[in-house]
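What follows is a set of notes on a single structure, which appears directly below.
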Amino acid sequence: MVSTDPSPAPSIGTASPVPDEISTFALADLAGDPGWRRPVLVERELLILTTRGHGDAELDFHMLPCRPGTLLRVRAGQVLRCAGPQFDATVVGWTAGALDGLAVDPDAPQTWRQLAGEDEDAVINEVSQLAVDCQRHSAGPAGRALLRHQLAVLLLRLALPGAAGSGHRPEVETFQRFCREVEHRYQVTRRVEDYAAALGCSVRTLTRACLAETGRSAKQVIDERVALQAARLLAASDHPIAQIGRELGFSEPTNFGRFFTREIGVSPGAFRAARDQPPAGRVVRPRPAVEPTGANAGRFRSGTSADPANGGHATRSGMPGGSGGGTGRA
């Protein structure tokens with residue numbers, strides 16, 4: 001099992017030494033060092049609402065434009081960097097069990113969304129009220145219940161625009177089930193046959209679903225998820241490269257090096273050496289490997305990015321936005 005503890009590298013901060021189940025804080029509290037010199041490996045579930053200024057957030061090595069009203073859904077395990085004091089934001093953070101027992105899907109909100117009009121007003125009001133109540137009512141069963149239900153309402157509101165999506169095609173359901181299985185088992189196996197057996201379907205069915213949704217085979221989706229985790233750990237931790245390879249199931253460092261170079265285009269050492277550099281010119285294209293709006297995984301393509309509307313997927317007609325610094329959703 002890969003440890004997501006980036007120690008001694010920086011991790012996210014909160015206002016108190018012991019993070020609350022649900023809390024709100026400023027964007028600056030996420031930075032591991034002044035100026036976000038290095039990415040941070042996020043340890044909690046987050047919503048980030050931009051309140052002032054303009055800039056870019058680098059989420060899983062993908063540049064996302066931020067301005068007032070921009071909302072980011074950041075998942076535990078992703079890497080984040082917001083270089084420079086270009087914009088301010090309010091952050092809502094919660095632990096994995098904060099929504100237990102409530103009928104809400106925390107992965108339903110889009111990773112990147114530009115709010116406008118009544119939607120923006122409603123979300124700003126709910127985030128503001130949540131911030132006030134985190135300060136006033138965080139103690140005791142009643143206060144805890146209040147915060148949990150306020151967070152659930154916020155997430156449900158953000159899920160509404162996608163409620164009538166295309167999720168009834170058999171390929172969509174198969175792809176989502178496959179990607180959730182990959183998320184739990186990519187550190188143990190990269191064999192498509194193992195996933196097909198776990199899901200009770202054929203390798204051909206998995207491959208057909210992946211091709212329909214991403215344009216890539218099931219094996220490529222698995223490898224892309226492994227490569228993303230490797231990149232996260234190389235960028236946001238000081239773990240030795242050989243240790244990262246072992247944690248991801250590679251018995252020999254040379255095998256890990258060849259795999260990473262094939263998937264990313266540069267060696268693990270070169271990728272790590274670039275982590276302290278400004279993000280400009282180092283934009284890469286991840287693709288979700290959990291579900292279409294979920295945690296990212298994907299093949300890294302230097303200098304490209306995905307469209308905000310499609311979750312970073314390569315579409316059958318090619319990547320929206322072209323190459324050379326487009327912006328979009330992680």
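The values are calculated or read from the model by the stated rules, or taken from the named source; none is laboratory data. For clarity, every value in this text was computed on a predicted model and none was experimentally measured. Protein only, heavy atoms only, side chains kept; ligands, DNA and RNA dropped before computing areas. Shrake-Rupley method; radii C 1.70, N 1.55, O 1.52, S 1.80 Å.
Under 8 Å for C-alpha pairs, at least 6 residues apart: give me the relative contact order for region 129-217, rounded to a whole percent.
Here the relative contact order equals 22 percent.
Using θ = phi - 60° in the Karplus curve 6.51 cos²θ - 1.76 cosθ + 1.60, the 3J(HN,Hα) couplings for region 64-70 round to 10, x, 10, 8, x, x, 6 Hz; x is entered for Gly and Pro. Rolling a 1.4 angstrom probe over region 11-128 with all protein chains present gives an accessible area of which 51% lies on carbon and sulfur atoms. In the context of the full set of protein chains, region 77-233 has a per residue accessible area of 47 Å² (1.4 Å probe). F175 contributes an accessible area of around 0 Å² to the protein surface, as traced by a 1.4 Å probe with all chains present.
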